[in-house]
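K.L.:
Mind having a look at this structure? Questions to follow.
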Protein chains: 2
Amino acid sequence: MRTIKLVVAYDGSAYHGFQKQKNAVTVQSVLEDMLAKLCGERVVTAGSGRTDAGVHALAQTVTFTTRGRIPCANILRASRTMLPRDIVLIDAQEVEAGFHARFSACWKVYQYKILCNDYDDPFMARYAWQLRERLDMEAMNEAAAFLCGTHDFSAFRSTGSVESSAVKTIYEACWRRQGRELLFRIAGDGFLYHMVRNIVWTLVQVGLGKRAPSDVAAELLTQRGAVLNEPAPPEGLYLEQVCYEPYAAHKVST
Amino acid sequence: MRTIKLVVAYDGSAYHGFQKQKNAVTVQSVLEDMLAKLCGERVVTAGSGRTDAGVHALAQTVTFTTRGRIPCANILRASRTMLPRDIVLIDAQEVEAGFHARFSACWKVYQYKILCNDYDDPFMARYAWQLRERLDMEAMNEAAAFLCGTHDFSAFRSTGSVESSAVKTIYEACWRRQGRELLFRIAGDGFLYHMVRNIVWTLVQVGLGKRAPSDVAAELLTQRGAVLNEPAPPEGLYLEQVCYEPYAAHKVST
């Protein structure tokens, strides 16, 4: 059996999320349909994690095992004509047995895009959270700093979360301005259900002046399921990177 | 009766073109449904022209007459919550009786976007023609220059065209580079069915070295329906501007 690792970028607008579902087109189901043709057998893929309907990925990782003998370069080439144009295979590599997109992952990076505009841009409707109000980015960064480190993130978990432990380590959480856009980058060893979107919503409340930066620290301490939060809209969220070496090693090598 | 002029931007990806059709969602049908609620009566709108399925508009013009008394500012404000997010009303103004989005138009500007990339960008699938080959922009501009002036454009008209005269005046036709993008801007007093997309396809053949720039001049002279051409894909095309004063006046005033 060979173990193959794919890196996939997708525009999530047209899909019911990454993960396979009955009676809904998802990114994973589209990938598995293609792989069945290329490998000559149905394969079961594992993603590094789910992304919700409307959420995008710049580099989602997917692994599967197969008896098929197709070279990885041919999977890559064939994908260009077999996949719909909003799903792009960036890389395909054979990896050691036992490597798993989800269980081998050490940390992940998400990006969230906000567009501050006087009127909505119809071409960004699927790709950013569009706000008319101005946001205080410094206050948002002051609040985001409280998230860094190891905490119980129950306060930013939506109900429906299946993970047992809410203790996660956040390595980076920072906003930057790029033209009309405000971009949030958050890196951590794991994320609970809706955690990034709940965090973004809260930080936007801070940016609007409706909450103080220190409220975020106080909220973390409650360790109760998100009652004060609601998830920011999915269309602003991008899974940016999934990393398979410890964060510390990454910091040393870069 | 009041005559009202709207300026509308839309992402055409999700629509069967601008123009009303039976059993298909179009930009015009969405607009008319909203206007019926706001004006208290069904209204019949006129667009400056059709755009095909998948084609976008940065500023399409739409006019209609109504007995409704709703102020234009209220139409604008209400549209923000009543329209889907991929259609944005940019302006609403009362104009003199007899003004007509299509018949009063003097000239129009279209933009066509090509993305030259080693691999497809899933986020641009709906917004540009993506090509892996490099294009010779100078040759394309040399060819485009032959289009300027008054010519019979039959050679760039697809069958299905309903307009009687194929004689049109092109004021500007030029490519420019912007980052990874090649942008074509074409301004003229009228455009035949698929004319811009047929022109772009031909200019891309020149950019690929498959035709000489002077072939475009020779082709214009044939004055026969497009046999050598096929339309470039719709997703790269944007209706940029519709102008209601003569081109000469515009040039003097700017």
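K.L.:
Anything losing 50 Å² or more of accessible area from the isolated chain to the full protein assembly: pick those residues out of the range B:61-106, probe 1.4 Å, ligands and DNA/RNA ignored.
P.N.:
With the partner chains in place, the range B:61-106 has these residues losing at least 50 Å²: B:ARG80, B:ARG85, B:VAL88.
K.L.:
Could you work out the local net charge near B:LEU220, counting Lys and Arg as +1, Asp and Glu as -1, over the other residues with Cβ closer than 15 Å to its Cβ? Before the final figure, lay out the partial values.
P.N.:
On the way: positive: B:ARG157, B:LYS168, B:ARG211, B:ARG224; negative: B:GLU142, B:ASP152, B:ASP215, B:GLU219.
After counting each charged neighbour, the total is 0.
K.L.:
Please report, for A:ASP118, the nm distances (one decimal) from its label point, 7 Å out from Cα along the beta-carbon direction, to the equivalent points in the remaining copies, shortest first.
P.N.:
4.1
K.L.:
Across the Cα atoms of chain B, what radius of gyration and what greatest pairwise Cα-Cα distance (Dmax) are found, in Å?
P.N.:
Final numbers for Rg and Dmax: 19.0, 58 Å.
K.L.:
Which whole-percent values make up P(r) of the protein assembly as shown when all C-alpha to C-alpha distances are grouped in 10 Å steps starting at zero?
P.N.:
Each 10 Å bin holds this share of Cα pairs: 4, 16, 22, 23, 19, 11, 4, 0.
K.L.:
Could I ask something else about it? Within a Cβ distance under 14 Å of B:ALA166, other residues only, what is the Lys/Arg minus Asp/Glu net charge? Before the final figure, lay out each step's value.
P.N.:
Details: positive: B:ARG157, B:LYS168, B:ARG224; negative: B:ASP152, B:GLU163, B:ASP189, B:GLU219.
Around B:ALA166, the charge tally is -1.
K.L.:
While we're on this one: Can you give me the accessible area per residue for the protein assembly as shown, using a 1.4 Å probe, in Å²?
P.N.:
Working: 23140 Å² over 508 residues.
Here the residues of the protein assembly as shown average 46 Å² of exposed surface.
K.L.:
What number, in percent, do you get for the relative contact order of chain B if the mean sequence gap of Cα pairs under 8 Å and at least 6 apart is divided by its residue count? Spell out each step's value before the answer.
P.N.:
Values: 559 pairs, mean separation 59.6, N = 254.
Value for chain B: 23 percent.
K.L.:
Let me ask something else. Rounding to the nearest 20 debye, state how big the charge dipole of chain B is about its Cα centre with +1 on each Lys and Arg Cβ and -1 on each Asp and Glu Cβ. Before the final figure, lay out each step's value.
P.N.:
Numbers: 29 positive and 27 negative charges, 146 e Å.
Approximately 700 debye in magnitude.
K.L.:
So, one more: Based on the Cβ-Cβ distance of B:ASP136 and B:LEU221, what FRET efficiency does E = 1/(1 + (r/R0)^6) give at R0 = 25 Å, to the nearest 0.05? Please list the in-between numbers first.
P.N.:
Details: r = 23 Å, r/R0 = 0.93.
Efficiency, rounded to the nearest 0.05: 0.60.
K.L.:
While we're looking at this one, here's another question. Of all the accessible heavy-atom surface of chain B, with the other protein chains kept in place and a 1.4 Å probe, what percent is carbon and sulfur? Can you show the working numbers first?
P.N.:
Working: 5890 of 11570 Å².
Accessible surface attributable to carbon and sulfur in chain B totals 51 percent.
K.L.:
Still on this model: Can you tell me the relative contact order of the range B:98-231? Whole percent, Cα pairs under 8 Å, sequence separation 6 or more.
P.N.:
RCO, the range B:98-231: 32 percent.
K.L.:
Run through the other copies and list how far each one's label point is from that of B:ASP215, in nm with one decimal, shortest first; the point sits 7 Å from Cα along Cα-Cβ.
P.N.:
6.4
K.L.:
List, in the order given, every pair from B:LYS5/B:LYS108; A:LYS5/A:LYS113; B:LYS5/B:LYS37 whose Cα-Cα distance in the structure shown is over 19 Å. Write out the running numbers ahead of the final one.
P.N.:
Working: B:LYS5/B:LYS108 16 Å; A:LYS5/A:LYS113 28 Å; B:LYS5/B:LYS37 17 Å.
Checking Cα-Cα distances, A:LYS5/A:LYS113 exceed 19 Å.
K.L.:
Then there's this: Ordered shortest first, which distances in nm separate the 7 Å Cα→C-beta label point of B:SER158 from those of the other copies?
P.N.:
Taking the point 7 Å beyond Cα along Cα→Cβ, the inter-copy spacings are 4.0 nm.
K.L.:
Also, quick follow-up: To the nearest 500 deg cm²/dmol, what mean residue ellipticity at 222 nm is calculated for chain B from DSSP H runs of n ≥ 4 alone, each contributing -39,500 (n - 2.57), summed and divided by the residues?
P.N.:
Numbers: 6 runs with 63 residues, N = 254.
Value at 222 nm, helices only: -7500 deg cm²/dmol.
K.L.:
Are there GluC sites (Glu not before Pro) in the range B:127-178 that DSSP puts in a loop and that have at most 15 other Cβ atoms within 10 Å, and which ones?
P.N.:
Values: sites: B:GLU133, B:GLU138, B:GLU142, B:GLU163, B:GLU172; in loops: B:GLU133, B:GLU163.
Loop-located and lightly packed - B:GLU133, B:GLU163.
K.L.:
Shape of the range A:49-129 from its Cα gyration tensor (a ≥ b ≥ c, root eigenvalues): rounded if a/c is under 1.5, otherwise prolate when a/b > b/c, or oblate? Each step should come with its number before you reach the end.
P.N.:
Values: a/c = 3.70, a/b = 1.80, b/c = 2.06.
Oblate, since a/c reaches 1.5 and b/c is not below a/b.
K.L.:
Still on this model: Could you tell me the total accessible area buried at the A-B interface, probe 1.4 Å, in square angstrom to the nearest hundred?
P.N.:
Details: alone 12590 and 12580 Å², together 23140 Å².
That pair hides around 2000 Å² of surface in total.
K.L.:
Which one, A:GLY160, A:GLN205, A:THR3, projects farthest toward the positive side of the charge dipole computed for the protein assembly as shown from Cβ point charges (K/R +1, D/E -1)?
P.N.:
Most positive-ward Cα: A:GLY160.
K.L.:
Dipole of the protein assembly as shown, Cα-centred, from +1 at each Lys and Arg C-beta and -1 at each Asp and Glu C-beta, to the nearest 20 debye? Before the final figure, lay out the partial values.
P.N.:
Numbers: 58 positive and 54 negative charges, 155 e Å.
Magnitude of the dipole: close to 740 debye.
The values are calculated or read from the model by the stated rules, or taken from the named source; none is laboratory data. As the structure is a computational prediction, the values presented were derived from the model and not from experiment. Neighbour counts run over all protein chains shown; Cβ positions are idealised from the backbone, glycine included. Each accessible area value is taken on the protein alone, full model and side chains, heavy atoms only, with ligands, DNA and RNA left out. Shrake-Rupley method; radii C 1.70, N 1.55, O 1.52, S 1.80 Å.
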